[in-house]
Each structure stands twice: as C-alpha cells, then as structure tokens.
Amino acid sequence: MFWFRRTTHWPGMVTVPVTPSPGVIEISEERNLDIACGAAVGGGSVVYTGVTVAPRRQYFEALYPSGLSYREFSQVWYPKVRRMLAPSPMPQDVYRSVPFTHSRIWDRQMSNARMRTYPIDSMFDWGVIRQELSRKVQLSSTIGDSDFGCSNGAKTDLTRTYLREALATGPVQLRPLHEVRSISRRTGGRYSVVVRRLGADGTVLGTDEYSCEMLFLAAGTLNTNRLLVAARERGELPDLPADIGTGFGDNGDQINVRSEPLTPIGPAQGAPSASAAFFPDEFGLPLLVENWCVPEYASLPVTGTLAMTVDTDHRGTFRYDRGSRRVVLSDWTREKSAAAAEATSGYAHRVLAANPGCLPVSPNYPRTFTAHPVGGCVIGRSTDLEGRVRGNKGLYVMDGSLLPGNVGGANPSLTIAALAERAMAGIIAAGG
Ligand SMILES: Cc1cc2nc3c(=O)[nH]c(=O)nc-3n(C[C@H](O)[C@H](O)[C@H](O)COP(=O)(O)OP(=O)(O)OC[C@H]3O[C@@H](n4cnc5c(N)ncnc54)[C@H](O)[C@@H]3O)c2cc1C
C-alpha cells in the first residue's frame, strides 16, 4: 500500500514494519499534518473511495475566482466529466448485502438523529461487486481493500477511463516508476525535466532528461508544490509567481468513528460509500459527512464517517528548506484544523445522543490527517483561469493544487477533473 515506507502509517492501522516497495499511496508526514495521495499510474483514483460529488453553488462562488461561473461548471464541465467517468449510486441489492451492514447502521443512526441522508455517486463497478458477493472473484472492495486499489477491477479508476482514452489516441506514452526530480527552464525557453528510473525495490536504474516546449504539471497537490517551489527557490524557474506554495488547505477533513458494541456488523466492511448528509449551518462550518468503511477494524462493530467542512480561513504554505533541500509545509498548526474538528464533534455528539448505547471511538492515530490536499498554485492567482502559470509561457498546472485550499464541501476529484477539462479546452482552442 505504501510508497517506499519502512512502516505502515494509516488511521486505525497498527504500525508494523513493511518491506519498502512502490506501493500505491504516498504519505508525507508534514509538521502537524499527514498528507496522503495516490502514487500510481492513475493517481489518487487508484486508492480513492470513488465518491464523485460537486460542491454546492454558494460555496463554489465564495471560494473560486469570479471568472469561473458555477452555471457553466454545472451545465458543461461537471456533466462532461460525469459522461467520461459514469459514476453511480450503490444499487439496493448491494446496499442490503452483509458487507454493507455498516452503511445501513450508519443510515439508521443518522435517521434516529433526524438527519436526512441521501445516496451518493461513486466509481465502482457494481457488476464486479456482485461477483464478489457471490464469491466468483477474489474479494477486494467488499472487504474494504480499496485503499490498496481494487486488484479485481471493482473500482473504475482512471486507467479504465481517461488514461485508456489518452493511450488510444496513439502518441501518448505512460512511464511507470519514472520519478520527476526537478524541472527548469533552458536558454531559448524550453523546459527541462529530470527523471529518475526506479526499480521495484527503489534502486535508481538511471537518470534521463527530457526537454519540451509545453510542460503540464499534474503531480497532485503535494508533489506539484514540491517541484515548483523547489524550482523557484533554487533559481531553476526564477520567474515563478511568489504566491506559488501558498493557499494550501486540508479541505477541512476530519475522520470520525463510533461504535454500537452490541450490534453485529459482519466479518468485514465494504469500501464504497453509500450515503451522505449535508448541514449548511448547524455545526459552525458547513459540513458534509459521508459513511466510510473502517477496514482496519474488520469485524468490530464500528462505523466510520469522513467529514469535510467549507473552511474559507485556514491555509498553509509550502516553503523550501535549504538545510534539508526539501519543500515542507511550513506553517500548519493544529489550530488550523480546530474549526473543522469542532464542527465534526458537534455532529458526532448529536448522533450519539440520539442513539443510546452508541459510543465514540478514538482511532489509533493521534495525528491530523488529510486525503484531500488542495491548493498551493491557486487558479486565478498563481495561474490564469485555464491553468497557465503566470509569467512562464508553456508551463501549466492541471491538478488539485489549482483548488483554493478547500473544495467547497465536497470531495475533490470531480472538481479537479472539471477544472482540467475546462482548462484543456481553452488551451487547445487558443493553441497554448
Ligand atoms: C484514501 C483516499 C481516498 C480518497 N477518496 C476520495 C473520494 O472518494 N472522492 C474524491 O473525490 N477524492 C478522494 N480522494 C482524493 C483524490 O484521490 C485526489 O483529490 C485526486 O486524486 C487528486 O488528483 P490530482 O490530479 O490532483 O493528483 P493525483 O491523483 O494525486 O495524481 C498525481 C499523479 O502524479 C504522480 N506523481 C507525483 N509526483 C510525481 C513525480 N515527482 N514524478 C512522477 N510522477 C509523479 C503520482 O504518482 C500520481 O499518479 C481520496 C484520496 C485518498 C488518498
């Protein structure tokens, strides 16, 4: 599961030694915040829970630059991404099956608290999940393995949608285990990209240099910020905007777990999220809660919630540390997660109060954590509205770092893809 780690490190997971290997998730232990992101061909779509939802209009309009119209996004770009990905809600027969007992318990607890839940769209192939349920294929999504990627194809990650279509065009090549180490600008204006080739045990097999006129960064929030901030501070891309690296946020993420000790939950928890609820003003910050599985607790009677808040205030900065020659998140404090934690705790108290015998659970993980790092190269500020990096012709950013530090009460992937669709359409139309 982990990109070249020596020990496991995940909410609820016991820390044990593991052989370093090119696993599918990178965890970066920044000061006061652990950042998780995909590290595989297909990026975060390989490890994500596949929830595919858009922010509501008022939060989009409060967070994103005024030149990006919500109307245009909801009529053109979100539908365009949805046509490619084809997300869908969990069918009733799957919802009623044993691995989703945790989802039904979660919905019942919410209903007891008079909280309205609704089904959410996600990126699973329900046909494969039905085959898992009838034991015709190896189990994966129904035992909560999705953070590892679903090896039986239960998750429709990007290798089956965008990447497959890109490869089918002909000129696209994919180079797994090629790690971009640095980018710079050569005299004449071309970009240079230095890449090291890794073996499956992490051995460096060689270093290559590519050069190009147009360079699109899509390394995800953590790694696009690392590459750009380092390039600016080492003088390799000296004209990069000074605000690159700023405006980072954790999407106001919080994990919440509760237990109904006397309610059997079955031997394992299925991964896809069945339902969600949204609270615009009850808990201080607008709050989206989704039912998530807690695979590490296997058959224990616990239900998991991923909470996301609309937090317009708390942001962090990636800076270059000259001593270690690394880019680090320099100013994140626990206080920056406190408002989101308070909103989530208010929500959890209301559910517990309405469900006698239900208890709060503290996962075995004392750190603050986000699987939704966003921002740092904020659209409309570090880039124009189509991802062109200001002052650097031919350089583009096309990933989560474009988001304004918070999605707006939603998981990020649909909005990242919609921004990229809009940007690419504009770049192609303008010839650059
Ligand atoms: C456990 C988990 C669950 C999640 N669940 C959901 C969910 O249900 N719904 C949702 O919307 N979002 C979810 N997310 C978040 C979602 O996965 C990310 O927001 C999204 O994938 C980010 O897209 P991106 O294009 O910015 O970057 P990524 O998808 O992270 O893609 C970046 C790519 O660049 C590659 N890369 C990085 N650095 C380098 C380098 N130096 N050289 C070469 N390649 C490099 C990476 O390997 C990766 O393939 C989840 C994330 C995690 C970790």
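The values are calculated or read from the model by the stated rules, or taken from the named source; none is laboratory data. A quick note: this is a predicted structure, and the numbers were derived from the prediction, not measured. Here the Cβ positions follow ideal geometry from the backbone for every residue, glycine too, while neighbour counts run over all protein chains shown. The accessibility values were calculated without ligands, DNA or RNA, using every heavy atom of the protein model including side chains. Shrake-Rupley method; radii C 1.70, N 1.55, O 1.52, S 1.80 Å.
Under the condition of being assigned to a helix (DSSP H, G or I) and under 22 Å from residue 98 (Cα atoms), which residue from the range 143-161 is least open to solvent (accessible area, probe 1.4 Å)? It would help to see each step written out before you state the result.
We begin by selecting, within the range 143-161, every residue assigned to a helix (DSSP H, G or I); these are 143, 145-148, 158-160.
Right, trim to under 22 Å from residue 98 (Cα atoms) and you get 143, 145-148.
Numbers: 143: 65, 145: 52, 146: 3, 147: 26, 148: 99 Å².
The extreme case among them is 146.
Go through the range 85-103 and give me each residue that's touching a residue at least 60 places away in the same chain (Cβ under 8 Å), assigned to a helix (DSSP H, G or I) and open to solvent by 50 Å² or more (accessible area, probe 1.4 Å).
98
Can you find a residue in the range 48-58 that is part of a helix (DSSP H, G or I) and either surrounded by fewer than 21 Cβ atoms within 10 Å (Cβ to Cβ) or touching an Asp or Glu at 6+ places or on another chain (Cβ under 9 Å) (or both)? Give the steps one after another, and end with the answer.
Taking the range 48-58 and keeping what is part of a helix (DSSP H, G or I), we get 57-58.
Add one more test, that the residue is either surrounded by fewer than 21 Cβ atoms within 10 Å (Cβ to Cβ) or touching an Asp or Glu at 6+ places or on another chain (Cβ under 9 Å) (or both), and what stays is 57-58.
Yes, the range 48-58 contains at least one residue that is part of a helix (DSSP H, G or I) and either surrounded by fewer than 21 Cβ atoms within 10 Å (Cβ to Cβ) or touching an Asp or Glu at 6+ places or on another chain (Cβ under 9 Å) (or both).
Given the condition touching a residue at least 60 places away in the same chain (Cβ under 8 Å), more than 11 Å from the ligand (Cβ to nearest atom) and open to solvent by less than 10 Å² (accessible area, probe 1.4 Å), answer yes or no: does some residue in the range 373-384 qualify? First the steps, then the outcome.
Here is the first cut: in the range 373-384, the residues touching a residue at least 60 places away in the same chain (Cβ under 8 Å) are 373-382.
This time we only want the ones that are more than 11 Å from the ligand (Cβ to nearest atom), so: 378-382.
When the remaining residues are screened for being open to solvent by less than 10 Å² (accessible area, probe 1.4 Å), the result is 379, 382.
So far as the range 373-384 goes, yes, one or more of its residues are touching a residue at least 60 places away in the same chain (Cβ under 8 Å), more than 11 Å from the ligand (Cβ to nearest atom) and open to solvent by less than 10 Å² (accessible area, probe 1.4 Å).
Which one of 208, 253 is surrounded by fewer than 20 Cβ atoms within 10 Å (Cβ to Cβ), acidic (Asp, Glu) and within 15 Å of the ligand (Cβ to nearest atom)? Even if it seems obvious, please write down each step before you answer.
On the way: 253 fails: surrounded by fewer than 20 Cβ atoms within 10 Å (Cβ to Cβ).
Answer to the selection: 208.
Report whether or not residue 116 is charged (D, E, K, R), touching a strand residue (DSSP E or B) at 6+ places or on another chain (Cβ under 7 Å) and not in a strand (DSSP E or B).
Values: charged (D, E, K, R): yes; touching a strand residue (DSSP E or B) at 6+ places or on another chain (Cβ under 7 Å): yes; not in a strand (DSSP E or B): yes.
Considered against the rule, which asks whether it is charged (D, E, K, R), touching a strand residue (DSSP E or B) at 6+ places or on another chain (Cβ under 7 Å) and not in a strand (DSSP E or B), residue 116 comes out as yes.
Taking only the range 133-147 into account, find how many residues are over 24 Å from the mean Cα position of the chain (by Cα) and either more than 21 Å from residue 159 (Cα to Cα) or within 16 Å of the ligand (Cβ to nearest atom) (or both).
4
Residues of the range 211-250 being surrounded by fewer than 21 Cβ atoms within 10 Å (Cβ to Cβ) and of a type in the set (Asp, Glu), which ones?
213, 233, 236, 239, 243
Which of the strands (runs of 3 or more DSSP E) found entirely inside the range 358-432 contain at least 3 residues meeting this: farther than 22 Å from residue 60 by Cβ? Lay out the reasoning, then the answer.
On the way: elements: 359-361, 374-376, 395-397.
Result: 359-361.
Can residue 158 be described as within 14 Å of the ligand (Cβ to nearest atom), in contact with a Lys or Arg (Cβ under 9 Å, 6 or more places away or on another chain) and either farther than 30 Å from residue 280 by Cβ or in contact (Cβ under 8 Å) with a residue 40 or more places away in the chain (or both)? Lay out the reasoning, then the answer.
Values: within 14 Å of the ligand (Cβ to nearest atom): yes; in contact with a Lys or Arg (Cβ under 9 Å, 6 or more places away or on another chain): yes; either farther than 30 Å from residue 280 by Cβ or in contact (Cβ under 8 Å) with a residue 40 or more places away in the chain (or both): yes.
Answer is yes for this residue.
Which of the residues that make up the range 19-37 are touching a Leu at 6+ places or on another chain (Cβ under 7 Å) and part of a loop (DSSP other than H, G, I, E, B)?
Correct list: 31 only.
Can you tell which of 175, 186, 181, 104 is away from the ligand (no atom under 16 Å from the Cβ) and over 21 Å from residue 270 (Cα atoms)?
Numbers: 175 fails: away from the ligand (no atom under 16 Å from the Cβ); 181 fails: away from the ligand (no atom under 16 Å from the Cβ); 104 fails: over 21 Å from residue 270 (Cα atoms).
186 is the lone residue from the list that is away from the ligand (no atom under 16 Å from the Cβ) and over 21 Å from residue 270 (Cα atoms).
Say we look at the range 189-205 and pick out the residues that are modelled with pLDDT of 95 or more and closer than 22 Å to residue 398 by Cβ; which of these is farthest from the ligand (Cβ to nearest atom)?
190
Out of (1) closer than 30 Å to residue 304 by Cβ; (2) more than 15 Å from the ligand (Cβ to nearest atom); (3) open to solvent by 20 Å² or more (accessible area, probe 1.4 Å), what's the single condition that is false for residue 165?
Answer for residue 165: the failing condition is (1).
Is it the case, given these coordinates, that residue 345 is within 13 Å of the ligand (Cβ to nearest atom) and part of a helix (DSSP H, G or I)? Full working, then the answer.
Details: within 13 Å of the ligand (Cβ to nearest atom): no; part of a helix (DSSP H, G or I): yes.
The answer is no for residue 345.
Being within 19 Å of residue 399 (Cβ to Cβ) and more than 14 Å from the ligand (Cβ to nearest atom) is the filter here; which residues of the range 2-52 pass it? Break it down into steps so the answer makes sense when it comes.
Start the filter on the range 2-52 by keeping residues that are within 19 Å of residue 399 (Cβ to Cβ), which leaves 3, 24-28, 30, 33, 35-52.
Once the filter is applied, which keeps residues that are within 19 Å of residue 399 (Cβ to Cβ) and more than 14 Å from the ligand (Cβ to nearest atom), the range 2-52 yields only 30.
Between residues in the range 12-40 that are without any contact (Cβ under 8 Å) to a residue 12 or more places away in the chain and residues that are open to solvent by 30 Å² or more (accessible area, probe 1.4 Å) and of a type in the set (D, E, K, R), which pairs lie under 8 Å by C-beta distance while being six or more apart or on different chains?
17/6
I'd like the residue in the range 66-84 that is of a type in the set (Gly, Ala, Ser) and surrounded by 13 or more Cβ atoms within 10 Å (Cβ to Cβ) and, out of all such residues, is farthest from residue 381 (Cα to Cα). Show your work before the answer.
Going through the range 66-84, the residues of a type in the set (Gly, Ala, Ser) turn out to be 66-67, 69, 74.
With surrounded by 13 or more Cβ atoms within 10 Å (Cβ to Cβ) added as a condition, the list becomes 69, 74.
Values: 69: 16, 74: 22 Å.
Top of the filtered list is 74.
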